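Shown next, in structure tokens, is the structure this report addresses.
The values are calculated or read from the model by the stated rules, or taken from the named source; none is laboratory data. Source: prediction; values computed, not measured. Virtual Cβ from ideal backbone geometry, glycine too; neighbours counted across all protein chains shown.
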Amino acid sequence: MLPDLDGLSLCKVLRTQSETKEIPIVMLTAKDAESDMVAGLDSILELLDQKGLLIVLEIRLPMRNIIMRNIVKRIYSFSVLILLAVSPLRAQDQQELRSRLETLEQEVADLKRLLLKIEEKKPEASQSKATTIPRPDPSSLRAYWKEGIRMDSTDQSVKFKLGGRILNDWVAFSADDSVDRNFTPVGGTEFRAARLYMSGTLHDRVEFKAQYDFAPISTALKDVWIGINKIPGLGKFRIGHFKEPFGLELMNSSRYITFMARALPTALMPSRNTGFLFTNPLAGQQMTWAAGVFKDTPDTAIGLGSENYSMTGRFTGLPLYQDEGRRLVHLGVAYSRRNPILDTLRLRARPETHLSDRWIDTRSFPARSEDLLGVEAALVQGPFSLQGEYVRAATDSPGLGDPSFNSFYVAGSLFLTGENRRYKRDTGTFTRVRPKGNLFGGEKGIGAWQLAARYSRLDLNHRTILGGELNNLTLGLNWFLNPNTRIMFNYVLADRQDIGEANIFQTRFQVDF
């Protein structure tokens, strides 16, 4: 029983509302008194319009108490009435019912003939439709824009993406006289990157990427690899020239890093080399792992000889991931066992700008092997973010006392317009920022504005090796006009211990897709 109104009243309310008037209603009742059932049937009949359909499946009261003409309703010019378990009828009622049934049988026969004619015409209509609207070819490609040029086959088994980036930097120095005497702060302008690439998937399982940098200073192969995905238990396999899986700052694309230059610890990390790798997310993309074997190769991706192989692996986890990444905690660890070319190692670094010579340098020294250990962490709390890493490089150089070197950085950022750094869970890296309102393109937005600060330190001094110590403080302002366009402003205070300081002002104009 309903608390505020009875079921029949509720049905009447439903029939008066345009949103619910067409909903079919099945009525059940616990009342078994004859008067209640008669009143209920009369109320049901009131609910039916001329297009209603009444089917009485069971009536447990004498039908002589009901006037047949009050319960038979017209439906598209004919009536339907099914009675089961009915008490004996009066002769007058039986005659009226027999007449109604004969009329019904005739109307049903007419409907069957009409349906037969409709069925006969269906093949002709289907054939006409097939000739005017051909079925799409599963192998045909559809081109579209999704923050880059993309092409997909109808069955999604083949996918292509065309992309590129242009990074144009402008740099100015103001340095101490002691810095000018020891180094050559260059400054000026350069195209830090001018890349084109194509990537894609073939027949659902084979992946590839080919990327080339046309920038005059760094013309080189970048990512050139072939892969197979969806391998049970292993995820993806990749072979070619690409980044070794080490560090958060280095694994993030230059399109998405917060500052114009990566932090000082990346001078100790391996970058792109030729090798093979397995990688796979775990626990619903709450964790990732990647491990591979690589051979040290220059940007030509050519490596001669059977030595100088390295093993590198990285593991990341998300202890916290909420609100589609607006709140997250990222933790990671990486390790690399390396065999330097000709058993010789050299570590060096610039201040955090590319248009400068290197301020700290160990020069070449003998080392049979090198062990790299890196730990990484990041926090995103809405528009605010923190990120930091520590890297230790331990060498096997008995004649020099097995020197080791350390580096770290801590960085923070804040979006003044409310966006957040976006995270890619299957790789454990950060990805493209999407402004809430683009500056152009018909939107009345101002883009996304981000403030950032970072402190980093790299010490290349150890016992007899005096490579120097460098400390950098970097302040940044990023303006994302839209997801594919960014203008960056960086100020770097570079301090070369025991020599002096330099103030570096730099700007980047970036387009990528």
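Summary of computed values
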| item | result |
| --- | --- |
| Test: residue in the range 161-173 that is assigned by TED's automatic domain parsing to the domain that holds residue 410, modelled with pLDDT of 95 or more, under 28 Å from residue 294 (Cβ atoms) and out of contact with any Asp or Glu (no Cβ under 9 Å at 6 or more places or on another chain) | yes |
| Extreme residue, nearest to residue 179 (Cα to Cα), among residues of the range 484-509 that are part of a loop (DSSP other than H, G, I, E, B) and in contact (Cβ under 8 Å) with a residue 40 or more places away in the chain | 499 |
| Strands (runs of 3 or more DSSP E) enclosed by the range 149-235 - at least 3 residues per element that are aliphatic (A, V, I, L, M), surrounded by 16 or more Cβ atoms within 10 Å (Cβ to Cβ) and touching a residue at least 12 places away in the same chain (Cβ under 8 Å) | 159-175, 220-231 |
| Residue satisfying condition, being within 20 Å of residue 431 (Cβ to Cβ), free of Cβ contacts under 8 Å to residues at least 40 places away in the same chain and surrounded by fewer than 20 Cβ atoms within 10 Å (Cβ to Cβ), within set 304, 320, 250 | 320 |
| Given (1) at pLDDT below 95; (2) in the same structural domain as residue 268 (by TED's automatic domain parsing); (3) more than 30 Å from the chain's Cα centre (by Cα), number of the condition residue 302 does not satisfy | (2) |
| Failed condition for residue 486, given (1) surrounded by fewer than 19 Cβ atoms within 10 Å (Cβ to Cβ); (2) farther than 25 Å from residue 359 by Cα | (1) |
| The range 328-355 - residue that is among the polar types (S, T, N, Q) and touching a Ser or Thr at 6+ places or on another chain (Cβ under 8 Å) and, of those, nearest to residue 296 (Cα to Cα) | 339 |
| Matching residues, the range 461-501, being more than 20 Å from residue 254 (Cα to Cα) and in contact with a Ser or Thr (Cβ under 7 Å, 6 or more places away or on another chain) | 462, 465, 467, 499, 500 |
| Selection count where residues are in contact with an Asp or Glu (Cβ under 9 Å, 6 or more places away or on another chain) and either closer than 14 Å to residue 349 by Cα or of a type outside the set (A, V, I, L, M) (or both), scope the range 435-448 | 3 |
| When residues of the range 333-349 are limited to those that are in contact (Cβ under 8 Å) with a residue 24 or more places away in the chain and either in a loop (DSSP other than H, G, I, E, B) or not assigned by TED's automatic domain parsing to the domain that holds residue 275 (or both), the one surrounded by the most Cβ atoms within 10 Å (Cβ to Cβ) | 347 |
